[in-house]
1. If the chain between residue 209 and residue 261 were fully stretched, how many nm would it gain, using 0.36 nm times the residue separation less the Cα-Cα distance?
2. For the stretch 268-419, place one equal point scatterer on every Cα, skip the solvent, and apply the Debye formula. What is log10 of I(q)/I(0) at q = 0.10, 0.16 Å⁻¹?
3. Could you tell me the calculated FRET efficiency between residue 219 and residue 287, based on Cβ-Cβ distance and R0 = 41 angstrom, to the nearest 0.05?
4. Would you please calculate the Kirkwood hydrodynamic radius of the stretch 356-410 over all C-alpha pairs and express it in Å, rounded to one decimal?
5. Return the distance in nm (one decimal) between the two label points of a simple spin-label model at residue 122 and residue 341, each offset 7 Å from Cα along Cα→Cβ.
6. May I ask you to compute the full-extension gain from residue 391 to residue 41, defined as 0.36 nm times their residue separation minus their alpha-carbon distance, rounded to one decimal in nm?
7. Report, as a whole number in µm² per second, the diffusion coefficient that Stokes-Einstein gives for the stretch 41-418 at 4 °C and 1.567 mPa s using the Kirkwood radius over alpha carbon pairs.
8. What is the distance, in nm, between label points placed 7 Å from the Cα along the Cα-to-Cβ direction at residue 315 and at residue 153?
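Only the coordinates and a few stated rules stand behind these numbers; no lab work does. Here the structure is a predicted model, which means the values were calculated and not measured. Heads up, the Cβs are rebuilt from the backbone with ideal geometry, glycines too, and the neighbour counts pull from every protein chain shown.
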């Protein structure tokens, strides 16, 4: 009997070990399956004309699943082009590209950097050269040419060197807020100015511009990326340079009557592990927190951070360090999904690595950085500088600034990732 008990115990241990091994193997196979399921597909290779080249900035998605974005260049032959607004529409597994508007002259602004839907359902955008804010919507009549099939309306054009940048934001009354990277004062960027924050108010048939704050390039920051509202009605944003360490700030504009006062919430520092040189605006969540990124730090790459309300102030925390192999960070705001995960693109600042699409997920009390796709250059693209658009079915969409089938560096791509 004792022998029989011993054999039964040994058999139990063997079976237990086998079960554990099978469970581990199944888990590993599941992880491999998940990793392999995240497949990148190129939906479009830009060719410069008439479809533009070098897409950059916000990529937006409408209720039907169509994608809207811009290219910084291209659109017309011979002169290099000044950029386009495009739409990508799906029919089953096939996608088609439509050029909605081609920028052609300095007078209407050139080099657009992304489009977004306003509260009225119209597309809004800015141009990074020539300093213009515009809306775009379907033309009421069918045009004979593809290049003018949508109607553009110019809301405001800034004078001189005031180059608009990044996304715009709206208040409850429909007023529009944004920034210029340059202009507003002397100094900064070869005396082109340090940038400003503006407000556009719709009065009758015109939009009136009010300057809310002009950056001086010192402790207050310089060259802003954009602004968003906090729960108290203040504007919060990032500036890529200036501040105590001249490596960027997070700033706040607080209204008092018709005036706005600026305060610095955080000074970035390349040497304290907190990251530096934020090149994109902030992304808010429903709890009043803000998420952002930098393109540099004490290592080769930047960080992903959050800014949270705390005791009538704000607390800055680094959520994750971008692996140094990418040599850079995001040039567009992060995207927050319904589960609280963050998505973004990281572009290399030194051509050492073509960049990646990444996801940031909560891992216990911390966060985990996961690359969903590492670009390799042509033909899958390189230097992604767009936001990540999330479709209702969970698929991810974005663009790369370079790469594709255009030869050399290539004029860029539109990509899709299936989870």
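1. 16.9 nm
2. -0.34, -0.83
3. Given R0 = 41 Å and the Cβ-Cβ separation, E is 0.85.
4. That comes to 12.6 Å for the stretch 356-410.
5. With each label point 7 Å from Cα toward Cβ, the separation is 3.6 nm.
6. 124.5 nm
7. 63
8. Roughly 4.5 nm, to one decimal.
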